[in-house]
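> I'd like to ask some things about the structure below.
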Amino acid sequence: MNAILRPTLVLFTVLTVLTGVVYPLVVTGVGQAAFPHQAAGSLILRDGKPVGSALIGQNFSDAKHFWGRPSATGPQPYNGVASSGSNQGPLNPALVDAVKARIQALRDADPGNTAPVPVDLVTASASGLDPHISPAAARFQVARVAKARGLEVAKLQALVDQQVESPLLGFLGEPRVNVLQLNLALDAGLQ
């Protein structure tokens, strides 16, 4: 029995140290050395204090800010601990009702806007945490935000255009706008 137990315990201890301590420390060290911003959570700082992450959406709901994609997390929106989609398919009556309600809320917030509502303003992403919207979704909101802030539409449109991020390597993904960064730029420069 001792001949079997001793090698088993030694192997268990060695593998625990290698895979549970050494490997995570090496990966963390390499990540922090090679990608310090990303390894620290891609935090966005304002006056030296973190105001959010470039990777997790935030719940903006006032008329003076651009709104992001709806969040499917609960119990509060953009809850990183509860990241998940709604798992509702396109024929699910609950999803259809939620989309209709979101469209109505957008129309109520900006009654003069008759443009088609971009789909990413009424549907949640798979994670429920998406920090980006499409340029079309940002442009859809320009008139509402400009009116709420008393700004010229053209100036606000120029700010949105400055905030559009190109696809990775020019072809991976779609152009996008980070809502937190757009709102921070808006607060900082176009009061």
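> Being in a loop (DSSP other than H, G, I, E, B) and at positive phi, is that true of even one residue in region 67-75?
Checked against the condition, which is being in a loop (DSSP other than H, G, I, E, B) and at positive phi, region 67-75 yields no hits at all.
> Please identify the pairs in which a residue from region 29-48 that is closer than 20 Å to Leu182 by Cβ has its Cβ atom under 7 Å from the Cβ atom of a residue that is assigned to a loop (DSSP other than H, G, I, E, B) and open to solvent by less than 60 Å² (accessible area, probe 1.4 Å), counting only partners at least 6 apart or on another chain.
Here the result reads Ser42/Ala54; Ile44/Ala54, each pair linking region 29-48 to a residue that is assigned to a loop (DSSP other than H, G, I, E, B) and open to solvent by less than 60 Å² (accessible area, probe 1.4 Å).
> Could you check region 167-177 and list, in sequence order, the residues that are out of contact with any helix residue (DSSP H, G or I) (no Cβ under 7 Å at 6 or more places or on another chain) and either hydrophobic (A, V, I, L, M, F, W, C) or open to solvent by less than 80 Å² (accessible area, probe 1.4 Å) (or both)?
Correct list: Pro167, Leu168, Leu169, Gly170, Phe171, Leu172, Gly173, Arg176.
> Considering only residues that are of a type in the set (A, V, I, L, M, F, W, C), in contact (Cβ under 8 Å) with a residue 24 or more places away in the chain, surrounded by fewer than 20 Cβ atoms within 10 Å (Cβ to Cβ) and part of a helix (DSSP H, G or I), which ones fall in region 124-158?
Ala143, Ala148
> Scan region 90-101 residue by residue and report those that are over 22 Å from Ala137 (Cα atoms) and assigned to a loop (DSSP other than H, G, I, E, B).
Leu91, Asn92
> Gln104 is checked against (1) part of a loop (DSSP other than H, G, I, E, B); (2) at pLDDT 90 or above and fails just one. What number does that condition carry?
All conditions are met except number (1).
Okay, residues lined up against (1) surrounded by 13 or more Cβ atoms within 10 Å (Cβ to Cβ); (2) touching a strand residue (DSSP E or B) at 6+ places or on another chain (Cβ under 6 Å):
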residue: Tyr23; (1), (2): no, no
residue: Ile44; (1), (2): yes, yes
residue: Ser71; (1), (2): yes, no
residue: Ala82; (1), (2): yes, no
residue: Ala94; (1), (2): no, no
residue: Ile103; (1), (2): yes, no
residue: Ala109; (1), (2): yes, no
residue: Ala115; (1), (2): no, no
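> Another question, then. In region 29-42, what count of residues is obtained for those that are out of contact with any helix residue (DSSP H, G or I) (no Cβ under 7 Å at 6 or more places or on another chain), open to solvent by 70 Å² or more (accessible area, probe 1.4 Å) and either part of a helix (DSSP H, G or I) or modelled with pLDDT under 90 (or both)?
Of the residues in region 29-42, 5 are out of contact with any helix residue (DSSP H, G or I) (no Cβ under 7 Å at 6 or more places or on another chain), open to solvent by 70 Å² or more (accessible area, probe 1.4 Å) and either part of a helix (DSSP H, G or I) or modelled with pLDDT under 90 (or both).
> Here's a follow-up. Any residue that is of a type outside the set (Lys, Arg) and touching a residue at least 40 places away in the same chain (Cβ under 8 Å) - is there at least one of those in region 99-119?
yes
The values are calculated or read from the model by the stated rules, or taken from the named source; none is laboratory data. The structure displayed is predicted, hence computed values, not measured ones. Every residue, glycine as well, gets a Cβ built from its backbone with ideal geometry; the counts of neighbours run over all protein chains shown. SASA here: full protein model, heavy atoms, side chains in, ligands and nucleic acids out. Shrake-Rupley method; radii C 1.70, N 1.55, O 1.52, S 1.80 Å.
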